[in-house]
1. Whole-Å semi-axes of the chain's equivalent ellipsoid, largest first, each the root of 5 times a Cα gyration tensor eigenvalue?
2. Step through the residues of the stretch 11-16 one at a time and calculate ³J(HN,Hα) from phi using the Karplus curve (6.51 cos²θ - 1.76 cosθ + 1.60, θ = phi - 60°), rounding each to whole Hz and writing x for Gly and Pro.
3. Taking only protein heavy atoms into account and a 1.4 Å probe, give the accessible area per residue of the stretch 46-104 in Å².
4. Please give the calculated 222 nm ellipticity per residue for the chain, where each DSSP H segment of at least 4 residues contributes -39500 (n - 2.57) and the sum is spread over every residue; nearest 500 deg cm²/dmol?
5. Per residue of the stretch 214-228, what does 6.51 cos²θ - 1.76 cosθ + 1.60 with θ = phi - 60° give for ³J(HN,Hα)? Whole Hz please, x for Gly and Pro, Karplus curve as stated.
6. Taking θ = phi - 60°, what integer Hz values does the Karplus form 6.51 cos²θ - 1.76 cosθ + 1.60 yield along the stretch 174-191, in sequence order, with x for Gly and Pro?
7. Just grab the label-to-label distance for Glu122 and Leu284, each label 7 Å out from Cα along the Cβ direction, in nm (one decimal).
8. Which FRET efficiency value, to the nearest 0.05, do you get for Ala61 and Thr4 by plugging their Cβ-Cβ distance into 1/(1 + (r/R0)^6) with R0 = 22 Å?
Amino acid sequence: MSRTIKLANGIEMPRVGLGVFQMTPEQAENATKVALEAGYRSIDTAQGYNNEEAVGGGLIASSIPREEVFITTKVRASLLGYDTTKAAFYESLEKLQLDYIDLFLIHWPKTGLYNEAWRAMEELYEAGKIRAIGVSNFLPEHLAQLLTTAKITPMINQIEVHPMLSQVEARKHNDSLGIITEAYCPLGSGRLLHHPELLKLAEKYGKTTAQLMIRWEIQNNIVTIPKSVNQDRIKSNFDVWDFEISAGDIEIINGLNENKRVGTDPHHFMEIFYGDMKQPDYVLSDWEKELEK
């Protein structure tokens, strides 16, 4: 299988990248350098992660030419709007120490502002400052609203996807619009590493549970960005190209879906971040309760 996937505009994007969510600047710089030298060619950051400068530093510290690396960042929800998004983009460009960004995303669909943000992004894309544009955490209703004014359909929709939240309908909707699905929290924020069914399958293939889940996403045509600050795990998470999960085992993994999130539900994003709703507590699944006994 090719290590890249073709976006709607013909750009080739790596199928596996490094996510740097919740990394300190020092961790992000080191992880970026380690990942690039281990074979990764895609790094995913965001303005909200406060480590864009570190990612840029890690790229410079590596021996990999800029043109071989696919860099993604995202505009904060608080900076959505035509003028504010343009200003935010140029700030990211400066922090990353780049002349262009490969993929720029709207991080969260803040109601009433993302259409104007998208107009700014389309102009930056047409000016050659961005190679591809997309969204993150967009539900079908958000995409429908965006497309009432958009000239360009998003090329990526980055959403939470892992075996406990397979998002089949959302992925089908993305497919119907020619949008590639990209998975964040692809390992369930580490919660799925000890899932008994995944452990059993990983042993069958002589791989780690993380490698199994990453390969499951690749075979489902999902771009994935596993996160780790550990040098060995960063390298291990990219060692997924020498095996293939059988169709039957893919179905076993598909069957683990619980429609269960470890991150924020986009349905309640506005209430949680801009209202009075608290992030709900994570509720353990039965298999997790068994592991705790």
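1. Largest first, the chain gives 29, 23, 18 Å.
2. 5, 8, 10, x, 6, 10
3. 40 Å²
4. On the way: 12 runs with 117 residues, N = 293.
My calculation for the chain gives -11500 deg cm²/dmol from helical runs alone.
5. Ordered by residue, 3J(HN,Hα) equals 5, 5, 4, 5, 4, 6, 8, 6, 10, 6, 9, 9, x, 10, 7 Hz.
6. 4, 4, 5, 9, x, 9, 7, 8, 10, 9, 9, 6, x, 10, x, 6, x, 5
7. Output for this residue pair reads 5.0 nm.
8. About 0.35, to the nearest 0.05.
The values are calculated or read from the model by the stated rules, or taken from the named source; none is laboratory data. Since we're looking at a predicted model, the values are computed, not measured. Note that we place each Cβ from the backbone using ideal geometry, even for glycine, and neighbour counts take in every protein chain shown. Remember, those area values only see protein heavy atoms, side chains included, never the ligands or the DNA or RNA. Shrake-Rupley method; radii C 1.70, N 1.55, O 1.52, S 1.80 Å.
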